[in-house]
1. Scan the stretch 113-148 for residues that are assigned to a strand (DSSP E or B), touching a Leu at 6+ places or on another chain (Cβ under 9 Å), open to solvent by 10 Å² or more (accessible area, probe 1.4 Å) and touching a residue at least 24 places away in the same chain (Cβ under 8 Å) and report the count.
2. How many residues, within the stretch 40-80, are within 26 Å of residue 134 (Cβ to Cβ) and part of a loop (DSSP other than H, G, I, E, B)?
3. What's the number of the condition residue 82 fails, among (1) modelled with pLDDT of 95 or more; (2) touching a His at 6+ places or on another chain (Cβ under 9 Å); (3) open to solvent by 30 Å² or more (accessible area, probe 1.4 Å)?
4. Taking the stretch 90-112 as the search range and keeping residues that are acidic (Asp, Glu) and either in contact (Cβ under 8 Å) with a residue 60 or more places away in the chain or in a helix (DSSP H, G or I) (or both), which one is surrounded by the most Cβ atoms within 10 Å (Cβ to Cβ)?
5. Go through the stretch 23-76 residue by residue and tally those that are under 26 Å from residue 108 (Cβ atoms) and in contact (Cβ under 8 Å) with a residue 40 or more places away in the chain.
6. When residues of the stretch 1-55 are filtered for being open to solvent by less than 30 Å² (accessible area, probe 1.4 Å), more than 13 Å from the chain's Cα centre (by Cα) and acidic (Asp, Glu), how many remain?
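The values are calculated or read from the model by the stated rules, or taken from the named source; none is laboratory data. Just so it is clear, the model here is predicted, and its values are computed rather than measured. Don't worry about glycine lacking a Cβ; one is built from the backbone with ideal geometry, like all the others, and counts go over all protein chains shown. Note: areas computed on protein heavy atoms with side chains; ligands, DNA, RNA excluded. Shrake-Rupley method; radii C 1.70, N 1.55, O 1.52, S 1.80 Å.
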Amino acid sequence: PGIHWIGLFDNESMLNSNPYLIVDGDEAVLIDPGSIPDFPVIMRKIIDVISPDMISTIIVAHQDPDVCGNLPVMEDVIHRDDLKIVAHSTTQRLIYHYGIKSSLYSVDEHDYVLELKSGRELQFIYTPYLHSPGAIATYDPATKSLFSSDIFGSLSKSGALFAGKDFPHTMQKWHQSIMPGNAMLRPAMERFRKMAIERILPQHGAL
C-alpha cells in the first residue's frame, strides 16, 4: 500500500528502469529517479499518482546515470526549496557533478535513518561496492519492503518486473559481470536474511 512502481523497460537499451514512489499522506518519497531519456515516462507516471510538489525527498542508491541522471530536471519540476537528496556521503561527492541544487542528506551522518513528516521511518543499509562504494538499500519497516538497488539485478531480455523461473540464472550472470565478489556480497545478504522482509523490490533490472 502506498508504494508505486513508476518505471519502464527500454527496448533500445534493453535496460529496466525501476524507480519507486512512496506516498505517505501528503508527502512522497522518490527512490532512484532514473535517467534523462526515461524522464518523460517516469514523470508522466508520477503525475498519474500525485502532484510532483508532494515529493519532499529523493533517495539515490548510487551515482550511476541510469539511477539518477535526471536529478536536476526532477528538481526543476518538483520545485521545492526544501527538497532533500538522500544518499551516502561517498555517493554525494559524485552526484554533485550532475549540477543538483537541493540540500544533501547523508545517511551515514544520520544513523542510516530518515524520519518523514508523519513519523514514519525509512532505514538504510550500507552495501559498499555492491556495486558502487557508497551503495545503499532502503528498507521501509511500515510495509516490510526492501528496495534492494542492484543486488537482485539480473541480465535478461524479458523486461519482466517480477522474477521468473529463470531468475537465479539471470541473476548469476549479472553478479558475475558487475559485482566484485562473494566477500563483499555475503555480509549484505546475511543482514537481509535477519530482517523482517515481505517484499524485495529491485531498483535496477535487466540488461
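1. 1
2. The number of residues fulfilling the criteria is 8.
3. Evaluating residue 82 over (1) modelled with pLDDT of 95 or more; (2) touching a His at 6+ places or on another chain (Cβ under 9 Å); (3) open to solvent by 30 Å² or more (accessible area, probe 1.4 Å) leaves (2) as the failure.
4. Taking the stretch 90-112 as the starting set, the residues that turn out to be acidic (Asp, Glu) are 108-109, 111.
Filter once more, so that each one left must be either in contact (Cβ under 8 Å) with a residue 60 or more places away in the chain or in a helix (DSSP H, G or I) (or both): 108-109.
Working: 108: 16, 109: 10.
The residue in question is 108.
5. 18
6. So the count comes out to 3.
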